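These notes concern the structure reproduced below.
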Amino acid sequence: MPRQRGPLGATAPSAATAQPSAPSAATAQPSAPLPRPGPPWRLLPTPAGTPFTFAYAAVLAVTSLVATYAGPALVHVLHQGSSTDVAHLVGTPVTVLLASALWVAGGFVAPYTLAFLLVLTALERRIGGMRTAVVFLTGHVLATLATEVPVGLAVLAGHLPGSSLHRLDYGISFGVATGVGALSGLLRPWLRWPVLVLFGGMLLQGLVHLTDPLTDWGHLIALAIGIAMWPVVRGAGR
């Protein structure tokens, strides 16, 4: 506040001229500038910034081109050989669990491809490529087993036909759903909960409509796995 003028002296023959006040010792400090948002291309993978996501996306682009332009018979053979159905999980579990994650159901323009690029890029920039790969593969493997093992048990119990052992199952969606769950734990609360509500609501909508119940349950399980990894990713956040 400006200084107040003092009373006039009683014995002074004339009014005293007001002197300018001395500058205050405590001057107001300028507020710190708000952090500027990064360039938009940081939302997408780059070879230097996010090598794991960039290399993985390149592989998915190649396999998507094969699925688009190769003959239908060859594509069916490749998908069938990469399928994480019960028959393959019993015979060659490691091979099919890895191979099934090299294909995008619906091709490279599928919605999960965009989610893959955005989610894994953001996750890798925060926790590094190795940990991002662990998060993705953990969700992919556990959600696959959580959905396929009950199918095998149901066939053994006679509740499902034997053809269910060869159900075609491949794609990146379980890993992406786990990535969404894990990444949400690194976001501010004002963004974390809307992301979980919107993504979880989308998964529940598919389950209610019975589009593909087994896969939809797998997505929800994968999302829960990602949320369960919050202590791990928060400890590794940078």
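Derivation of every value follows stated rules applied to the coordinates shown; laboratory data play no part. This is a predicted model, so every value here is computed, not measured. Virtual Cβ from ideal backbone geometry, glycine too; neighbours counted across all protein chains shown.
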TODO: State whether one or more residues within segment 103-125 are among the basic types (Lys, Arg), surrounded by fewer than 19 Cβ atoms within 10 Å (Cβ to Cβ) and either under 13 Å from the mean Cα position of the chain (by Cα) or farther than 23 Å from residue 195 by Cα (or both).
DONE: no
Open item on the list: Tally up the residues in segment 124-134 that are under 15 Å from residue 47 (Cα atoms) and of a type in the set (A, V, I, L, M), please.
Closed with: 1
Task: Residue in segment 171-227 that is surrounded by the most Cβ atoms within 10 Å (Cβ to Cβ), counting only those that are of a type in the set (D, E, K, R) and in contact with a Gly (Cβ under 9 Å, 6 or more places away or on another chain) - done: 216
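Those residues that are touching a residue at least 12 places away in the same chain (Cβ under 8 Å) and out of contact with any Ser or Thr (no Cβ under 6 Å at 6 or more places or on another chain), I need them from segment 110-124; list them, please.
Hits for segment 110-124 are 113, 115, 116, 117, 118, 119, 122.
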- [ ] Would you please list the contacts, defined by Cβ atoms under 8 Å and residues six or more apart or on different chains, that run from a residue in segment 165-192 that is in contact (Cβ under 8 Å) with a residue 24 or more places away in the chain and closer than 20 Å to residue 218 by Cα to a residue that is among the acidic types (Asp, Glu) and in a loop (DSSP other than H, G, I, E, B)?
- [x] 165/85; 166/85; 167/85; 168/85; 169/85
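Return the only residue of 139, 179, 107 being under 27 Å from residue 67 (Cα atoms), touching a helix residue (DSSP H, G or I) at 6+ places or on another chain (Cβ under 6 Å), outside any helix (DSSP H, G or I) and not hydroxyl-bearing (Ser, Thr, Tyr).
107
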TODO: Go over the candidates 214, 196, 168, 186 one by one and state the one that is in contact with a Ser or Thr (Cβ under 6 Å, 6 or more places away or on another chain), not in a helix (DSSP H, G or I) and not charged (D, E, K, R).
DONE: 168
TODO: Output the number of residues of segment 217-238 satisfying the condition of being without any contact (Cβ under 8 Å) to a residue 60 or more places away in the chain and not in a helix (DSSP H, G or I).
DONE: 0
